[in-house]
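Structure first, then comments.
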Amino acid sequence: MRNNDARIVDALERFTVELPSWGFANTGTRFGKFLQPAAAVTIEEKFSDAGHVHALTGACPTLALHVLWDVPDGAGGAAEIDRLSALYGVRAGSINPNLFQDQQYKFGSFGNPEAGVSLIRSDPKIRDVNLNHRSCTIELDGDDADVQRLLRQLAAADCGLVSFAEKEPTLEDVFMMVTKGLVT
C-alpha cells in the first residue's frame, strides 16, 4: 500500500494544468457575452492573472494563447510574450489558431455542405485552414506520407486540387523556435 501512496504523491507533484488565456477575459458564446468585473483585457493582464493562479496552486506553469486575440502582431509579438513569461513566472503554452470563425463554418465543420470542409477539419494533422469559395490553404503538421494521404482523401471527395507551395513561418513556428520545442 505504501508503494502506491508514493506513486500517487509523485503523480500529483508532477500534475500540471495549462490555463486558457480566454478564461481570464470576458467570455461568451454565439448567444451572448458574459461580462465579469475585473476581467483581463490585455495579454499582460492575462499573464498576470495566470501568474497569480500558478503562485497559489504551483500546478499551472503555462498559459494557452489564441493567435489573433492574444498576439495580434504575429511573430512580432514573440519578444513581448517572452517578457511577460519572465515577469509573471508563467510560460506561453499551446498556441491555438482561430479556426471556425470564417463564414464557411457557419454550418459547422462536420455537416458542412462545402466540399472537403468536414474532411479537412477532422484530420488531426491539420493545424490551420483558410477556405473561401475558390481556394483552400491548409497547414499540415506532418510528413510526405501525411500529405499524400490527405491529397488522396481530397481527390476522393471530388475537391479540385490546383497547386502547392511552401508556407511562411507562423507564430507557432516562431514559438517552437524560441522555446526550442521544450513547451508543447
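The values are calculated or read from the model by the stated rules, or taken from the named source; none is laboratory data. Just so it is clear, the structure is predicted and the values come from calculations on it, not from any experiment. Counting neighbours? That spans all protein chains shown, and the Cβs are built from the backbone with ideal geometry, glycine included.
Some observations on this one:
- In this structure, residue 71 qualifies as modelled with pLDDT under 90 and over 30 Å from residue 151 (Cβ atoms).
- Residue within segment 51-58 that is touching a Ser or Thr at 6+ places or on another chain (Cβ under 6 Å) and either within 28 Å of residue 13 (Cβ to Cβ) or modelled with pLDDT of 90 or more (or both) present: no
- Enumeration of residues in segment 2-31 that are more than 22 Å from residue 65 (Cα to Cα) and not aliphatic (A, V, I, L, M): 2, 3, 4, 5, 7, 10, 13, 14, 31
- Considering segment 14-26, and only residues there that are assigned to a helix (DSSP H, G or I) and either outside the structural domain of residue 51 (by TED's automatic domain parsing) or hydrophobic (A, V, I, L, M, F, W, C) (or both), the residue that is farthest from residue 88 (Cα to Cα) turns out to be 22.
Every residue, every condition in (1) in contact (Cβ under 8 Å) with a residue 60 or more places away in the chain; (2) among the acidic types (Asp, Glu); (3) farther than 17 Å from residue 96 by Cβ, yes or no:
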| residue | (1), (2), (3) |
| --- | --- |
| 4 | no, no, yes |
| 9 | no, no, yes |
| 19 | yes, no, no |
| 32 | no, no, yes |
| 37 | no, no, yes |
| 47 | no, no, no |
| 50 | no, no, no |
| 56 | no, no, yes |
| 59 | no, no, yes |
